[in-house]
Each structure stands twice: as C-alpha cells, then as structure tokens.
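The values are calculated or read from the model by the stated rules, or taken from the named source; none is laboratory data. The structure displayed is predicted, hence computed values, not measured ones. Cβ: placed from backbone, ideal geometry, glycine included. Neighbour counts: every protein chain shown.
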Amino acid sequence: MTSLRQNIIDLREKKAIVEMGGGEAAINKQAAMGKLTARERIINLLDENSFHEYDLFVEHDGRDFGMEKKVLHGDGVITGTGTIFGAPICIYAQDFTVAGGSLGLKHARKITKIMDHALKMKCPIIGINDSGGARIQEGVGALAGYGEIFYRNTIASGVIPQISLILGPCAGGAVYSPALTDFVFVVENISKMFITGPNVIKTVLGEDISMEDLGGARVHAEITGNAHFYAQSELECFDQIKRLVSLIPWNNAQKAAKIESREPLDPTHIEHIVPHDPKQPYDVREVIKCITDGSEFLEVHELWAANIVIGFGRMGGETVGFVANQAMVLAGVLDCDSSDKAARFIRFCDAFNVPIVTLEDMPGYLPGVDQEHAGVIRHGAKVLYAYSEATVPKITVILRKAYGGGYIAMNSRHLGADFMFAWPGAEIAVMGPEGAANTIFRKEIMEAEDQDAMRQEKVREYIEKFANPYVAASKGFIDSVIEPKETRSLLLHALQLSALKEEIRPTKKHGIPPF
Amino acid sequence: MENKEYVDFVVTARTYKTLLTKKFINRPVWKKPLPGDVFSVLPGAVQSLKVQVGDVVNEGDLLLIHEAMKMLNRVVAPISGVVTSIDVEVGEKIGKNHLMLKIESK
C-alpha cells in the first residue's frame, strides 16, 4: 500500500528525471556553446520562484524511424506561467538538449496550449527559440505544429503582447513565429536565424558564408530589421525584456501600469541640443531624454534604420511611445526601412493604448534609384496609414525642419494629430529653401548676371517668408509655437487632456494597409 | 555610428551634415540594362547550352536550360539578334542576377 508520503517522493523523483531534459552530457554541450539551458533561461527571466510548469510529462507519439524507442523529456520544450515585476506571463522555452529542440507535433501542441492560455487569460506570451527545426521523423505532423503556432501568433496579434527570443538556431519555417510577434530579441554569437542556411547556399551557389554573417544577431539587428533588441549576453537580453514588459500593458484592454512621476535629470539641457543651422546634426535621443521621467528611454530597433528613432519612455508616470527623426543619421530622411520601422511601432502603440509623441525634424524622403525601385512609395505610405489609423493620443512637436511630404507624414494635423506644437526655430514649408528657390525663381536666376548671387538672394527671401512656424500657425495647422523648455510641461498637459480621448471609426473587418 | 564622421548629404538641393549607415553605403548601384542582356532570375546551375557565340537567334528561341529551385527552367531570347558572348558554362553554379549571355540586335 502506498502512502501519500510515498506518492510525493515518487512525484519528486519523476520530476527530477524529466527536469534534467536531455541529460548531463547534453547540458554540458549546451554550456560549452555559451548558452544557458531552457530551464535556466526561464528562471533568470521570471520573478524568483514564480515559474509554474505545465505539461512536464507530455510525451511524443512518433512511431517511425526508431522514434517509438526514444524518450524525449518534455518533448523538447518547457512551458508554463510566471511573473515579471508582478505582471502575469505565459512562457515557453525550447530545450536544445532534448533532440536538438526539434519540433514535433506534441512539442508544438505544448506551445499552442500555453499560447491559447495566454490569449484567454489576456497576458503577454514570451517564446524562447532554440531549435534545430522540424522533427523530420514525424513528417507532416511537425509542419502541422508550425502552422498551428503561426495561426495563434496572428490571432493574438494586437490582443496580447508577444515577445520572441532567438537563443540558438531558428531556421526555415520556424522563423515565421518570431516574425509574427511584436518584439524579437537576439544575442551576439548565440542567435542564428535564416530561411535557408549556409549548407543549402553552398550546395546551390557554391558560396561560402558563415551562419553569423548570414543570419547572426548583428545582421538581424542592423541589416534586416528582423530583430528589435540586440544584446551582448543572455542576461543583458533578459534585462531588456524585463524593462520592456514593465513599460507595456498586459493586453489591449488595459493601459501600461502607471508609476510615480519623476523629473528628467537635466531639463534645461533641451535648449542646447538642436543646432540653429538646419544643416547641422545632433542626437535626437538627447531631446527625448530631456522630456521623459528620469531621462529614461528604452529604444526599439536601435541599430536598424537609425535615421528614425522609436522607443518607450514614461511621462508623468505613464508609458509614451516616441517617434523621432534622427538628423544625425542620413539627415533624418524617411526611406523604406525607416518607414517600416516607424509604421509598425505606431501600430503597436495604437493597439496597446500607448500615446504617441512625435518629434519632427526631417528634410524629406531619401532620393535614389534603389529607394524608388525598392518601393519607397508603398513603404512610405505605411507611415501615413499608421498615423491616420491610430486613435490613441497623438502629439507632434516640430523641433526644426518639416518639409513637404515628410511634414504631412510625421503625424501632421492633417492626419489627425490631437496637438501640434512647434519650436520657434521650426521651418514648415513645402520643401527646403534651396529647392524651393530654384523652382520658383528659376527664370530670375537663369537670367541674372551673377546666378549664384541671385540664387542666394532668392533662398534668403524664401527663408524669411516660409522657413518659420508662423505661416502654418496662421492657418491653425500648428496649435502653438512653444519655447523648448516648455515642451515637457505642455506634453504632460496634452497627455492629461487626452487621457479619455475617444475617436470612433467606421465599422470594418480590417483596413488594407500598404505592405 | 561610433566615430562621428559627418559627411555632406544632399536632400532636395540642400546639403546636410550627417552620418551614413552601412546599408546605405552598400546600396546597389543602378545600371541601365541592355535589352539583349540575359540575367539569371534565380540561383541555380546551367544544365545545358543550346546556342554558341555567333548564332543568330529569334526572339523566343531557347538559349539554355537553367536548373533552379528543383525545376528545369527554359531561358529564351528576349530579342532577335546575334549571340555575342556567353558567360556561363554547363554545370556552372550561378547566383541571381548573373549575366549569362548577351545578344545584340542586327
């Protein structure tokens, strides 16, 4: 006869075996690759002692190629719930020590179960990817598993925040789950992400490329834009995720948790950042840090399309999404990548009730055949679409230049901005003075004896007339021209005023944004 | 972005001081394609050549078979003319946008 005590001992023994995943040798191999195990990752990411595991005893039902004799603990994935700074989290981590983290149907069903749970409980889902790919022995069952995950990623999109970590290989079809989620985190030397790997490329093309050069962390953080956050180590990556989770709401029915308001560290510095000469660069992140609580700013996509800056900060204790042209990189132009970057961020903010503050200083769109042929028209249109569609509070501060189509695109009054502020040095015009003078006074310049002198004079004339905020202000397109040092207090006022903003849109199944 | 080496950068007739991105520096340079240039549209291998330099071809004539994505793709002449150069060999693995063959109209 068994006693309860004996039952408990049996349970503990069973758990201890399964919790070892692929066993000591495989765990040592994981460590040798510089990687934490799936279990260590979950423990380090979640609040202490908050992890509660689901489906520990799930087993695969493969019957072919010797699979019937193989025991795969947890079927290569650990799933469960926990908290991060008290926020409820559903989480899964693929366990590379168990059959290379390969995805079979039961493995996938553990993931879809925790995803369903997250969607039902309305809490964020975090997925840690570290898998060699589909479990080929299971054939189409593995493919079914991927498809069921993608479907849930899509259904959950805009309802609960979805976060993906790439902490190992993530190749072939597997890449599309992270790609469908809101934020992708990569770590130097550990993350490897691609559709076709170096071996296939070598076979087909005879080209040698390393995994790192093809789809390493840096590539996705800087070139492709597939990754939103880049870290040097797994622990740094977990810190980034904790900061992000603290700044976003649990679901689309809530606002992010409000904390106590704090003053920026050096609020008067704001008057000394933007050079008066519109051709001179500066770092717009310094401006952001002069207006956010505690001068804190969590930048998203820091390395990719750096000509626009996006990220989260707090104002008056509440989360705000910032979109800012970065004059320091490519003069702050809009191009294909920066448009994609801004548009997706705006849609995230809108879906999750995060007000958007736009800091504008941009000369226009990036000229070039490569841009035109890459479809800068449809990419640029995404920004117009995202701003127009958004119903969260939308506030713009024009810091310096606002020319042409860029002026319209960067959350202008015409796209539904709730508040439009401009600094006194703002230039709101149909294009830069040189371009405008060349067009308007073409004849005068051509006929002048000294063409350069005439051009200079006409440029000066245009600057005096239009390179200021007062023409736009006279038409009511700008609500007020403000001193830089007033920026934070006016933004706080605007955010407070728009806290209960309501904007009703026509009923539709969904819009058709340009892709 | 570490070393702040600002360069001149022109947008609608105005010159700005700014940094460039690696991606911008490495952007593809556009060249006007000639109507008789035949490029590969997929990575793959040349399975067989059907013409030689000097051959007169008509628009639509089969030039070569390009094996790519598990398919034997027929590559045909975009214009009528003379084959002036062939820059691939049978069995050679080539990437996308590889100039395979040139035709000049007569």
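Within 28 Å of B:S105 (Cβ to Cβ), surrounded by 14 or more Cβ atoms within 10 Å (Cβ to Cβ), of a type in the set (V, I, T) and within 13 Å of chain A (Cβ to nearest Cβ): which single residue out of B:V29, B:V46 fits that description? Don't jump to the end; show me each part of the working.
Working: B:V29 fails: surrounded by 14 or more Cβ atoms within 10 Å (Cβ to Cβ).
Just one listed residue meets the conditions, B:V46.
Can you tell me which residue in the range A:51-65 is nearest to the chain's Cα centre (by Cα), limited to those that are free of Cβ contacts under 8 Å to residues at least 60 places away in the same chain and more than 24 Å from A:R12 (Cβ to Cβ)?
Of the residues in the range A:51-65, the ones free of Cβ contacts under 8 Å to residues at least 60 places away in the same chain are A:51-53, A:55-59, A:61, A:63.
Okay, now just the ones that are also more than 24 Å from A:R12 (Cβ to Cβ), so A:61, A:63.
On the way: A:D61: 38, A:R63: 41 Å.
Looking at residues that are free of Cβ contacts under 8 Å to residues at least 60 places away in the same chain and more than 24 Å from A:R12 (Cβ to Cβ), I get A:D61.
Out of A:L334, A:L330, I need the residue that is closer than 24 Å to B:R27 by Cβ, of a type in the set (A, V, I, L, M) and in contact with a Gly (Cβ under 8 Å, 6 or more places away or on another chain). Which one? Quick ask: steps written out before the conclusion?
Details: A:L330 fails: in contact with a Gly (Cβ under 8 Å, 6 or more places away or on another chain).
Unique residue meeting the criteria: A:L334.
Being modelled with pLDDT under 90, surrounded by 22 or more Cβ atoms within 10 Å (Cβ to Cβ) and in a loop (DSSP other than H, G, I, E, B) is the filter here; which residues of the range A:424-437 pass it?
A:M431, A:G432
Cβ contacts < 6 Å: first residue in the same structural domain as A:A171 (by TED's automatic domain parsing) and closer than 17 Å to A:A171 by Cβ, restricted to the range A:135-153; second residue part of a helix (DSSP H, G or I) and aromatic (F, W, Y), any location; separation 6+ or different chain. Result?
Correct list of pairs: A:F150/A:Y176.
Hey, among the residues in the range A:100-138 that are assigned to a loop (DSSP other than H, G, I, E, B) and under 25 Å from the mean Cα position of the chain (by Cα), which one's modelled with the lowest pLDDT? Give the steps one after another, and end with the answer.
At the first step, the residues of the range A:100-138 found to be assigned to a loop (DSSP other than H, G, I, E, B) are A:102, A:104, A:122-124, A:130-133, A:135.
If we keep only those that are under 25 Å from the mean Cα position of the chain (by Cα) as well, we get A:122-124, A:130-131, A:133.
On the way: A:K122: 98, A:C123: 97, A:P124: 98, A:D130: 97, A:S131: 95, A:G133: 92.
Top of the filtered list is A:G133.
Which numbered condition in (1) within 16 Å of the chain's Cα centre (by Cα); (2) in a helix (DSSP H, G or I); (3) within 13 Å of chain B (Cβ to nearest Cβ) is the only one that A:V309 fails?
With (1) within 16 Å of the chain's Cα centre (by Cα); (2) in a helix (DSSP H, G or I); (3) within 13 Å of chain B (Cβ to nearest Cβ) applied to A:V309, the lone miss is (2).
B:E67 - would you say it is in a loop (DSSP other than H, G, I, E, B) and among the charged types (D, E, K, R)?
Numbers: in a loop (DSSP other than H, G, I, E, B): no; among the charged types (D, E, K, R): yes.
Taking the combined requirement at face value, the residue does not satisfy it.
Taking strands (runs of 3 or more DSSP E) that do not extend beyond the range A:168-216, which have at least 1 residues that are in contact with a His (Cβ under 8 Å, 6 or more places away or on another chain)? Walk me through it before giving the result.
On the way: elements: A:169-171, A:183-187, A:192-194.
Per the criteria, A:183-187, A:192-194.
Show me the helices (runs of 4 or more DSSP H) entirely contained within the range A:364-423 in which 1 or more residues are surrounded by fewer than 19 Cβ atoms within 10 Å (Cβ to Cβ) and under 21 Å from the mean Cα position of the chain (by Cα).
In the range A:364-423, the matching helices (runs of 4 or more DSSP H) lie at A:376-389.
Among the helices (runs of 4 or more DSSP H) lying completely within the range A:1-99, list those that include at least 1 residues that are under 21 Å from A:M115 (Cα atoms), touching a Leu at 6+ places or on another chain (Cβ under 7 Å) and not assigned by TED's automatic domain parsing to the domain that holds A:V175. Reasoning before the result, please.
Details: elements: A:4-19, A:24-32, A:38-45.
Result: empty, no element qualifies.
Filter the range B:82-106 down to the residues that are part of a strand (DSSP E or B) and more than 14 Å from chain A (Cβ to nearest Cβ) and list them by number.
Within the range B:82-106, the first condition is being part of a strand (DSSP E or B), and the residues that meet it are B:82-86, B:93-94, B:99-104.
Within the range B:82-106, B:V82, B:V83, B:T84, B:S85, B:I86, B:L99, B:M100, B:L101, B:K102, B:I103, B:E104 qualify.
From the residues in the range A:351-394 that are of a type in the set (A, V, I, L, M, F, W, C), within 14 Å of chain B (Cβ to nearest Cβ) and touching a residue at least 24 places away in the same chain (Cβ under 8 Å), which one is farthest from A:L495 (Cα to Cα)? Show your work before the answer.
Going through the range A:351-394, the residues of a type in the set (A, V, I, L, M, F, W, C) turn out to be A:351-352, A:354, A:356-357, A:359, A:362, A:366, A:369, A:374, A:376-377, A:381, A:383-384, A:386, A:390, A:392.
Still in the running and within 14 Å of chain B (Cβ to nearest Cβ): A:362, A:366, A:369, A:374, A:376.
Still in the list and also touching a residue at least 24 places away in the same chain (Cβ under 8 Å): A:362, A:366, A:374, A:376.
Numbers: A:M362: 24, A:L366: 32, A:A374: 37, A:V376: 32 Å.
Taking the candidates together, the pick is A:A374.
Return the residue satisfying two criteria in turn: it lies in the range A:269-302 and is aliphatic (A, V, I, L, M) and under 21 Å from A:E222 (Cα atoms), and of such residues it is nearest to the other protein chains (Cβ to nearest Cβ).
Within the range A:269-302, the subset aliphatic (A, V, I, L, M) is A:270, A:273-274, A:284, A:287-288, A:291, A:298, A:300.
Add one more test, that the residue is under 21 Å from A:E222 (Cα atoms), and what stays is A:284, A:298, A:300.
Numbers: A:V284: 12, A:L298: 18, A:V300: 16 Å.
The extreme case among them is A:V284.
Any idea which residue in the range B:49-81 is nearest to the other protein chains (Cβ to nearest Cβ), counting only those that are under 23 Å from A:I201 (Cβ atoms) and surrounded by 15 or more Cβ atoms within 10 Å (Cβ to Cβ)?
Residues of the range B:49-81 under 23 Å from A:I201 (Cβ atoms): B:64-73, B:75.
Subset that is surrounded by 15 or more Cβ atoms within 10 Å (Cβ to Cβ): B:64-68, B:73, B:75.
Values: B:L64: 17, B:I65: 16, B:H66: 12, B:E67: 10, B:A68: 8, B:N73: 14, B:V75: 17 Å.
Of everything passing the filter in the range B:49-81, B:A68 is nearest to the other protein chains (Cβ to nearest Cβ).
Restrict the check to the range A:196-205 and report whether at least one residue is in contact with a helix residue (DSSP H, G or I) (Cβ under 8 Å, 6 or more places away or on another chain) and in contact (Cβ under 8 Å) with a residue 24 or more places away in the chain. Full working, then the answer.
Filtering the range A:196-205 for residues in contact with a helix residue (DSSP H, G or I) (Cβ under 8 Å, 6 or more places away or on another chain) gives A:196-198, A:201.
With in contact (Cβ under 8 Å) with a residue 24 or more places away in the chain added as a condition, the list becomes A:196-197.
Checked against the condition, which is being in contact with a helix residue (DSSP H, G or I) (Cβ under 8 Å, 6 or more places away or on another chain) and in contact (Cβ under 8 Å) with a residue 24 or more places away in the chain, the range A:196-205 yields at least one hit.
Give the range B:1-41 a look and list any residue that's part of a loop (DSSP other than H, G, I, E, B) and in contact with a helix residue (DSSP H, G or I) (Cβ under 7 Å, 6 or more places away or on another chain), or say none.
Pass one, the range B:1-41, residues part of a loop (DSSP other than H, G, I, E, B): B:1-6, B:12-13, B:20-21, B:26-36, B:40-41.
Those that are part of a loop (DSSP other than H, G, I, E, B) and in contact with a helix residue (DSSP H, G or I) (Cβ under 7 Å, 6 or more places away or on another chain): B:T12, B:A13, B:L20, B:T21, B:R27, B:P28, B:W30.
So which residues in the range A:471-508 are surrounded by 15 or more Cβ atoms within 10 Å (Cβ to Cβ) and not β-branched (V, I, T), if there are any at all?
Result: A:A472, A:A473, A:F477, A:D479, A:P484, A:R488, A:L490, A:L491, A:L492, A:A494, A:L495, A:S498.
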